[in-house]
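> Have a look at the structure that comes next, please.
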Amino acid sequence: MKDQRLSRRRFLQGVGVAGAVASAPGLLSACASGGGPTSGGGGRETLRVGLLVPLSGTYAPLGKDMQQGFQLYLDQHGGSLGGRPVEVVSAETEATPEVGLRAARRLVEEDRVEVVTGVVSSAVAYSVKDYFAGADVPLIISNAGANELNMDPTLPNVFRTSFTNRQPCFALGRWAAQNMAGETFACIAPDYAAGKEDVEGFSDAWGGEIAARIFPPFGTTGDYQPFLSEIRQSAATAVMAFFAGGEAINFVQQYSDFGLKEDLPLIGAGFLTDDGILQEQGNPALGIRTALHYTPLLDNERNQEFVSSYSEAYDATATTYATQSYDAAQLIDVALGNADVEPGDAEAFVAALEQAGTIASPRGEFSLTSDIHDPVQPVYLREVQQVDGELGNAVVEDLGEFQPIPEA
Ligand code: PHB
């Protein structure tokens with residue numbers, strides 16, 4: 001057991017993860033001995049934050065963006081949240097339910113974190129929910145869109161700074177119903193919860209016939225040809241897709257290589273052309289229209305400041321994943337800054353999160369619903385265009401503000 005823990009730490013250190021935010025010296029050793037909170041030097045006890053992220057596989061780049069977004073907020077705030085020095089302990093989920101659940105347990109029971117954030121995959125989100133139902137630790141999801149995450153039962157300690165799978169896809173479906181009414185759609189997405197929920201959100205709002213619903217295996221599909229043939233052979237005249245990370249790169253390139261791009265307009269959830277993968281996708285991504293609550297091209301001052309600080313810090317374009325994780329740090333900061341929460345008092349921490357109010361995000365201000373703690377936020381129709389000599393997701397239309405679970 002001890003050896004396993006040591007080797008995990010070595011791995012985490014190797015990829016610059018555990019204690020990456022070690023603003024307080026000696027944190028790693030405190031962690032390794034499984035100790036409780038230590039003082040950060042300024043008299044306030046260190047706040048340990050667990051970051052559950054995939055660091056390998058198709059969603060690995062998303063996990064890295066989430067680490068960087070969280071770190072950027074910390075760096076801009078002297079390494080503290082709510083006046084407490086912070087140590088971040090990252091734990092690898094591999095975007096699989098079993099590994100994700102084990103990692104969540106370790107963060108809470110061995111690393112003794114006071115709050116957990118991160119989680120890219122809906123499958124992982126669903127798998128850790130029951131654990132957090134019985135854990136005295138708040139969970140702030142900063143990506144996974146699992147629609148029913150905080151329903152049946154609703155947990156007071158579960159929050160989300162990202163979106164629900166239904167939210168952007170419903171917005172897209174409604175836009176398509178108004179603007180692409182003559183088309184027949186095929187929908188394609190990976191075969192797991194997020195893929196299913198995205199297609200359902202789109203088709204509920206679209207309201208018309210769907211010629212084909214295609215769900216390639218998640219995480220193991222590299223060649224989309226058989227699925228592209230299926231689309232070609234269907235009655236579809238247009239395609240709606242959700243893919244992310246490495247899968248989105250492959251899908252968008254192969255869609256073009258296969259010759260479908262000229263014949264069938266491709267639209268999707270914004271992750272399909274996320275800014276972290278857009279340059280690698282290259283020209284095959286040009287013209288793709290997607291719906292999402294963020295693009296680095298959003299025209300507001302806070303966003304411009306965020307995008308330029310992010311690019312300075314990481315030599316990379318800010319992404320939706322980075323923004324959502326930046327906002328998770330911000331939510332913790334606001335909550336602990338507004339309330340008097342004793343270290344280790346999970347109940348008071350949860351109450352403070354609940355009362356945090358509006359978050360001044362790079363996406364614009366947003367707040368969480370009082371029941372399921374999900375963002376109410378505008379969704380934008382974006383189009384991949386050449387912007388200042390680079391591909392970018394330009395805002396084409398503000399589709400309006402959406403509830404987490406919009407009704408058809
Ligand atoms: C999810 O599994 O909920 C998920 C994963 C990647 C994304 C969006 C949603 O880009």
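The values are calculated or read from the model by the stated rules, or taken from the named source; none is laboratory data. Here the structure is a predicted model, which is why all the values come from computation and not from measurement. With ideal geometry, Cβ positions are generated from the backbone for all residues, glycine too; neighbour counts draw on all protein chains shown.
> Which of the numbered conditions does E109 fail, given that it passes all the others? Conditions: (1) touching a residue at least 24 places away in the same chain (Cβ under 8 Å); (2) surrounded by fewer than 19 Cβ atoms within 10 Å (Cβ to Cβ).
Status for E109: all satisfied but (1).
> Could you say whether any residue in region 294-301 is surrounded by fewer than 19 Cβ atoms within 10 Å (Cβ to Cβ), in contact with a Leu (Cβ under 9 Å, 6 or more places away or on another chain), at pLDDT 95 or above and not small (G, A, S)?
No, region 294-301 contains no residue that is surrounded by fewer than 19 Cβ atoms within 10 Å (Cβ to Cβ), in contact with a Leu (Cβ under 9 Å, 6 or more places away or on another chain), at pLDDT 95 or above and not small (G, A, S).
> Out of everything in region 177-198 that is more than 24 Å from G219 (Cβ to Cβ) and surrounded by fewer than 24 Cβ atoms within 10 Å (Cβ to Cβ), what residue ends up being farthest from the ligand (Cβ to nearest atom)?
G182
> With respect to L62, is the statement that it is over 15 Å from the mean Cα position of the chain (by Cα), buried (at least 21 other Cβ atoms within 10 Å of the Cβ) and not basic (K, R) true?
Values: over 15 Å from the mean Cα position of the chain (by Cα): no; buried (at least 21 other Cβ atoms within 10 Å of the Cβ): yes; not basic (K, R): yes.
No.
> For region 343-408, give me every one of the strands (runs of 3 or more DSSP E) that falls completely inside it and has 1 or more residues that are surrounded by 14 or more Cβ atoms within 10 Å (Cβ to Cβ), at negative phi and among the charged types (D, E, K, R). Before the answer, list the steps.
Numbers: elements: 359-361, 364-368, 375-387, 390-402.
Ranges flagged: 375-387, 390-402.
> Is one or more of the residues making up region 325-334 in contact with a Phe, Trp or Tyr (Cβ under 6 Å, 6 or more places away or on another chain), assigned to a loop (DSSP other than H, G, I, E, B) and at pLDDT 95 or above?
There is no residue in region 325-334 that is in contact with a Phe, Trp or Tyr (Cβ under 6 Å, 6 or more places away or on another chain), assigned to a loop (DSSP other than H, G, I, E, B) and at pLDDT 95 or above.
> Same structure again: I'd like to verify a number: residues in region 151-171 that are within 10 Å of the ligand (Cβ to nearest atom) and either of a type in the set (A, V, I, L, M, F, W, C) or surrounded by fewer than 24 Cβ atoms within 10 Å (Cβ to Cβ) (or both), how many? Before you say what the answer is, go through the steps one by one.
Within region 151-171, the subset within 10 Å of the ligand (Cβ to nearest atom) is 162-165, 168.
Filter once more, so that each one left must be either of a type in the set (A, V, I, L, M, F, W, C) or surrounded by fewer than 24 Cβ atoms within 10 Å (Cβ to Cβ) (or both): 163.
Adding up the residues that qualify gives 1.
> Okay, moving on. Checking the conditions here, which among N165, N143, N157, N150 is within 14 Å of the chain's Cα centre (by Cα) and over 21 Å from L55 (Cα atoms)? Spell out how you get there, then give the answer.
Numbers: N143 fails: over 21 Å from L55 (Cα atoms); N157 fails: within 14 Å of the chain's Cα centre (by Cα); N150 fails: within 14 Å of the chain's Cα centre (by Cα).
Every option except N165 fails the conditions.
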